[in-house]
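Just below is one structure, and these are the notes that go with it.
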Amino acid sequence: MKAQQFLFTLLTSFSLSVWATVAVNAAESPVTITLDPQHPGAAIAPDFFGLSFEASLLLPDANGLHYFRPDNLPLINLFHTLGIKNLRIGGNTSDRDVRRLPGEADLDSLYLFARAAGVKVIYCLRLHNGDPQADAAMVKYIMSHYTAQMDCFSIGQEPSAYPKPYLYSDYRDDWKKFADAIVAAVPDVKFCGPGVHNNADWARRFIADFGHSHRVVLITEHLYAGGAGGKVPAPEIGRDRMLSDEFTGKYQNLYDGFVPMAISNGLPYRLEEVNNYFNGGATNVSNTFASALWGLDFMYWWAAHGAAGLNFHTGDRVAAGRTLQPSKYTAFFTTTNGYLVRPLGYGLKAFDLGGHGKFVPATISNPDNLNLSAYVVLGDDNDLYLTIINKEHGAAAHDARISIHQNSAGYQRSEVIFLSAPQNDIAATVGETLGGAPIQRDGSWDGTWTPLSPPMIHNLADGVFLVRIPVASAAVVKLTRN
């Protein structure tokens, strides 16, 4: 007994000493997270994380070079580093604002890239002023050569936003005409849809009309919870909204509007085009560190609500109405020697560190009502991954003093990786790090896990790990048994 008391005193003193060394000037608030790893729940889809690009990016540049090509090693490395498993090709330039459709050489380059990057492709076909036979010919070519790289085909980009009048009944009739032509040419094709923006009504109608026919395997929606980037009244307001319950309420409304019907019909769902504000994002909002915290939380929210995956719309230039504009919400953009990862990309990489496995129930005690989210995953490697996002910011923000109770699960070691910005500033646009390191332009990353102090021992079978999450930052805590 004396030996156990001595060990408890020693480890407690050491833990509190380490705790003191990471103290910062912000006020702090206690948060207790109690884990229940003995009862894991639903698994996160292995291909959950995806990106979405404009179809116009498939065309060669002025020098005849393709963006997606099998020898673009920096981009392939970056896909691997970020953990991207799904690639969606669409946007306005795939449909109503198309200038030129990709040819066979362009498709070859795309799908050979997909093979090298290890991703499946969702491909949006032209519907508005399109030709069913032309779409059928494109699908036949792709399926004849690259079946292993295909996820599914959608028909039409956000048809609910076509020039009026265009009703769902018009879309239904047009979609069926195109789908029938494609199925006649390629009987084993797989479709997804309706690919509308924040429109649960069209999704429900699509499920009712095609959920059990025409080889529909996936229900898709788009979501830009903030609306038009150009209508944000001030950057401070845009960043605050991104990290607020206002955005979360938008997610819940869309979920409630169509997901229960999809589930009851045995259909998975995916948000195949998402970001924070549409039309390329909001200046000094979508390109700031706030987007990293938002993106990480956004991914976990939808994963916890059973989504099959998300595809963040990205790229150097994206459709804003009928024109292509420089993207402010992109996860990364092209440089002369590779790709510069923006803050959002760091949030997406943080999800890759802790987002593979099954969700674990957790009880959170947050007496000061911090603006904080926490998600726990029992990893495929049997380690526990606890992702904590402290969205507190501004003069009154509080650090989170986290006590992690493992509920007698026997985890003995703990490591942490922090997602941080200079001066914990959500308005920062450069200088962010993950695990103390940037993601390099060649796609590499060498961030490191930092050991936490040994757990404070309540008894020989249990322990409490301590970690401080500063304001405007996030952390992935890994618990291991040995």
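Quick look at the numbers
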{"quantity": "Potential extension, Thr283-Asp180 segment - 0.36 nm per residue separation minus Cα distance", "calculated": "32.8 nm"}
{"quantity": "Kirkwood hydrodynamic radius of the range 60-158, from inverse mean 1/r over distinct Cα pairs, in Å", "calculated": "14.0"}
{"quantity": "The range 49-354: equivalent-ellipsoid semi-axes (sqrt of 5 x gyration tensor eigenvalues, Cα, Å)", "calculated": "27, 24, 18"}
{"quantity": "Values of log10 I(q)/I(0), in the order q = 0.09, 0.13, 0.17, 0.18 Å⁻¹, for the range 323-482 under a Debye, Cα-only, solvent-free model", "calculated": "-0.33, -0.67, -1.05, -1.15"}
{"quantity": "Highest to lowest packing among 309-318, 80-89, scored as the average C-beta count within 10 Å", "calculated": "309-318, 80-89"}
{"quantity": "Paramagnetic reach from Asp71 in the range 99-126 [backbone N under 18 Å; point 7 Å along Cα→Cβ]", "calculated": "105-117"}
{"quantity": "Using a Förster distance of 45 Å, the FRET efficiency for His214-Asn253 (Cβ separation, nearest 0.05)", "calculated": "0.95"}
{"quantity": "Given charges at Cβ of Lys, Arg, Asp, Glu: the range 49-354 dipole, positive-most of Pro268, Asn86, Ala350", "calculated": "Ala350"}
{"quantity": "Theoretical FRET efficiency, 1/(1+(r/R0)^6), r = Cβ-Cβ of Asn337 and Thr34, R0 51 Å, to 0.05", "calculated": "0.60"}
{"quantity": "Calculated FRET efficiency for the pair Glu246/Ala396, C-beta based, R₀ 25 Å, to 0.05", "calculated": "0.85"}
{"quantity": "Order by protection proxy (mean Cβ within 10 Å, highest first), peptides 255-263, 297-305", "calculated": "297-305, 255-263"}
{"quantity": "Assigned charges on the beta-carbon of Lys, Arg, Asp, Glu; the range 49-354 dipole about Cα centre (debye)", "calculated": "120"}
{"quantity": "Partnerless Cys - the chain, beta-carbon criterion under 4.7 Å", "calculated": "Cys124"}
{"quantity": "Whole-number percent relative contact order across the range 49-354, with pairs defined as alpha carbons under 8 Å at least 6 apart", "calculated": "17"}
{"quantity": "Share, in percent, of DSSP beta bridges within the chain that are antiparallel, nearest 5", "calculated": "55"}
{"quantity": "Value in Å of the Kirkwood radius, where the range 146-285 supplies the Cα pairs that are averaged", "calculated": "16.3"}
{"quantity": "Cβ-based charge dipole, the range 49-354, positive-most Cα from His212, Val259, Asn198", "calculated": "Asn198"}
{"quantity": "Length gained when the stretch Asp131-His305 is fully extended (0.36 nm per residue, less Cα-Cα span)", "calculated": "58.9 nm"}
{"quantity": "Label point distance in nm, Val430-Ala105, each placed 7 Å from Cα along Cα→Cβ", "calculated": "3.8"}
{"quantity": "Spin-label model distance (nm) - Arg322 vs Leu167, 7 Å beyond Cα toward Cβ", "calculated": "2.6"}
{"quantity": "Listed residue pairs exceeding 21 Å between alpha carbons, taken from Lys85/Lys176; Lys231/Lys328; Lys349/Lys391; Lys140/Lys176; Lys164/Lys190; Lys120/Lys140", "calculated": "Lys85/Lys176; Lys164/Lys190"}
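Throughout, read-outs are computed from the coordinates displayed, never taken from laboratory work. Note that the structure is a prediction, hence the values are computed from the model and not measured. Here Cβ is always computed from backbone atoms with ideal geometry, including for glycine, and neighbour counts include all displayed protein chains.
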